[in-house]
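A single structure is presented below for examination.
Please treat every number below as a calculation from the coordinates, not as lab data. Bear in mind the structure is a predicted one, so any value in this text is a computation, not a measurement. Positions of Cβ are generated from backbone atoms using ideal geometry, with glycine treated the same way; all protein chains shown enter the neighbour counts.
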Amino acid sequence: MAVPTSIVWFRQDLRVKDNPALNAASSLGNIIPVYIEDTTLPASRVPGGVSKWWLHHSLTALNQRLNDHLIILRGDPKSLLPELMDTLAIDHVFWNRCYEPWAISRDKAIKQTLRDKGKAAKSFNGSLLWEPWDIENKSGAPYKVFTPFYRKGCLQAAEPRYPQAPPARITYADIDSNEQFLTIDQLNYLPAIKWYDGIANTWQPGEEGAAARLATFIEDAATEYKTNRDFPAIPGTSMLSAHLHAGEISPHQIWYAIKGAFGDNENKGIDTFLSELGWREFAHHLIYHFPDFPDKNFNQKFDSFPWRFDQSDFDKWKTGHTGVPIVDAGMRELWHTGFMHNRVRMIVGSFLVKNLLMDWRKGEAWFWDCLADADLANNTAGWQWIAGSGADASPYFRVFNPILQGEKFDKDGNYVTKWCPELKHLPAKYIHKPWEASQPLLRESGITLGEQYPKPMVDLKATRERALAAFGEIKGQ
């Protein structure tokens, strides 16, 4: 009797450990691992430059784990998968679920096509601790506020499944080469102009890099997470978001690694970190139940908000030349490393949406192109929270003061001067507000505002008042 062969369709689960689809296929028989560059994605959701760089290296790492058996295709999965299964006379395909609206629609269509052909497609949860449809409030409706979602929904639900060990043995089907099969290099995910040295020096994409990052966090930072996570100059966060987005590590692995390392000992740092995994769950809960959440204001009052747009101002924000040091430091960190500290994300987001009065979707799109962790659910939830337009959003009248934020969370200016070295000779007192330094002190520090470092592009107090007035226009609607 012939050994059954199955396709394992890899998507946002680029790992061998705790991969339910891979385990299911391996237990059935031989496997054919496949990755498809989906050319039918919405134009605004094609992976950005940094995401493509990451994908190149993550796929390379996965292919090594699969002994160079990963098949690469490009096109529409709705036709490619059934065609490949017909060509190879295969009856089974396994994958782990994605939760973006277009992915859900695509996967349903593929399952129906295969069902009509008498073939089997089975999907698994490899990406979330709790399925979005399993967490609902007492009325049976989706949650719209994070704290009850996490405390009353998630933590009162069944415990997340325990991570699965990798298959004890993977056997690969022998198949003939096909002109449709590509190499990873042929995906052209690495840009022709090599601009990514800073990103390459910051990250190790792949399953091994994710495991190393988790081990470092547990050893060095987890217990002090609640305190240190707000200080961008301190390595106080896990830096796991990009690995989670690519699926190089599962949230189940992280959840139980933390539980295993610290047990049931009460520790505010551990509890706070686990609740951040809960926030990730909440973001996916929102895009599942409200598919237009990534593109539309959750609070419809904001549809009539008087946004403004100025390309020159937007470019200054994007490139870190606003003249507001902690904002500039954050935007330069993003450009150089494909990452931005979460506290700083809130500061630069507030500056764009409230001080510059620009639509949050402009910022979300820029982050999508520049972030290694450009995750639709997380990115959207973060920006709608900042804008005040989302579920469980920050109140619109909460306008982050970048000077006070800098002085509180980067007191000595270590973060700012790392990314804005032109300010490094200023006394700490003026790092976050160089325009208040005297001209002699500025000269002594090697700075002429408007030359070595920009003058502030806006008056923070005046633009705050403008934002509050704009909010007042829609508040009564």
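If we count other beta carbons within 10 Å of each Cβ, what is the order of Trp9, Trp203, fewest first? Intermediate results must be reported in sequence, preceding the final value.
Values: Trp9 26, Trp203 23.
Going from least to most buried by this count: Trp203, Trp9.
Then there's this: Could you pull out the pairs from Lys354/Lys455; Lys17/Lys259; Lys144/Lys318; Lys408/Lys433; Lys52/Lys119 whose alpha carbons sit more than 22 Å apart here? Mind showing how you got there, number by number?
Values: Lys354/Lys455 19 Å; Lys17/Lys259 18 Å; Lys144/Lys318 31 Å; Lys408/Lys433 13 Å; Lys52/Lys119 32 Å.
Checking Cα-Cα distances, Lys144/Lys318; Lys52/Lys119 exceed 22 Å.
Can you put Phe273, Phe290 in order of Cβ neighbours within 10 angstrom, beginning with the fewest? Spell out each step's value before the answer.
Working: Phe273 26, Phe290 16.
Exposure proxy ranking, most exposed first: Phe290, Phe273.
Would you calculate the convex hull of the Cα atoms in region 358-416 and tell me its volume per residue in Å³? The partial results should precede the final answer.
On the way: hull volume 6.6 nm³, N = 59.
So the per-residue hull volume is 112 Å³.
Let me ask something else about it. For region 45-93, take the convex hull of the Cα atoms, compute a quarter of its surface area, and give me that in nm², please.
4.5
Counting Lys and Arg as +1 and Asp and Glu as -1, each charge on the Cβ, what is the dipole of the chain about the Cα centre in debye, to the nearest 20? Don't jump to the answer; show the numbers that get you there.
On the way: 53 positive and 57 negative charges, 227 e Å.
That gives the chain a dipole magnitude of about 1100 debye.
Which order results if Tyr172, Tyr225 are arranged by neighbouring Cβ count within 10 Å, fewest first?
Tyr172, Tyr225
Still on this structure, please answer the following. Select from region 157-215 those trypsin sites (Lys or Arg not before Pro) which occupy a DSSP coil region and have at most 13 other Cβ atoms within 10 Å, ordered by residue number.
Loop-located and lightly packed - Arg169, Lys194.
Name the long-range amide H neighbours of Tyr453: under 5 Å, sequence gap of 5 or more, or other chain; modelled H, no Pro or chain starts.
Counting only residues 5 or more places away or on other chains, the set is Thr448.
Which of rounded, prolate or oblate describes region 5-126 when judged by the alpha-carbon gyration tensor and an a/c cut-off of 1.5?
On the way: a/c = 1.62, a/b = 1.14, b/c = 1.42.
It comes out oblate by the Cα gyration axes.
Gap in Å between the Cα centre of region 165-212 and the Cα centre of region 221-291?
With region 221-291 and region 165-212 each reduced to a Cα centre, they are spaced 25 Å.
Taking every DSSP beta bridge with both residues inside the chain, roughly what % is antiparallel (nearest 5)? Don't skip to the answer; put the middle values down first.
Numbers: 1 of 23 bridges.
Roughly 5 percent of the beta bridges in the chain run antiparallel, per DSSP.
Which of the trypsin sites (Lys or Arg not before Pro) found in region 309-369 are loop residues per DSSP with 14 or fewer other Cβ atoms within 10 Å of their Cβ? It would help to have the intermediate numbers written out before the result.
On the way: sites: Lys316, Lys318, Arg332, Arg343, Arg345, Lys354, Arg361, Lys362; in loops: none.
Taking region 309-369 and a limit of 14 other Cβ atoms within 10 Å, no loop trypsin sites (Lys or Arg not before Pro) are found.
Does region 300-475 come out rounded, prolate or oblate by the C-alpha gyration tensor, with a ≥ b ≥ c the root eigenvalues, rounded set by a/c under 1.5 and, if not, prolate when a/b is larger than b/c and oblate if not? Numbers along the way, then the final one.
Numbers: a/c = 2.05, a/b = 1.54, b/c = 1.33.
Verdict is prolate for region 300-475.
Right, another one. Would you work out which of Ile326, Trp360, Gln311 lies farthest towards the positive end of the dipole of region 300-475, given +1 charges on the beta-carbon of Lys and Arg and -1 on that of Asp and Glu, about the Cα centre?
In region 300-475, that residue is Ile326.
Once you wrap a convex hull around the alpha carbon atoms of region 7-56, what is its projected area averaged over all directions, in nm²?
Spelled out: convex hull of the Cα atoms, projected over all directions, averaged, 4.3 nm².
On to the next question. Work through the residues other than Val145 whose Cβ is under 11 Å from its Cβ and net out their charges, Lys, Arg +1 and Asp, Glu -1. Can you show the working numbers first?
On the way: positive: Lys144, Arg151, Lys152; negative: Asp392.
Summing Lys and Arg as +1 and Asp and Glu as -1 gives +2.
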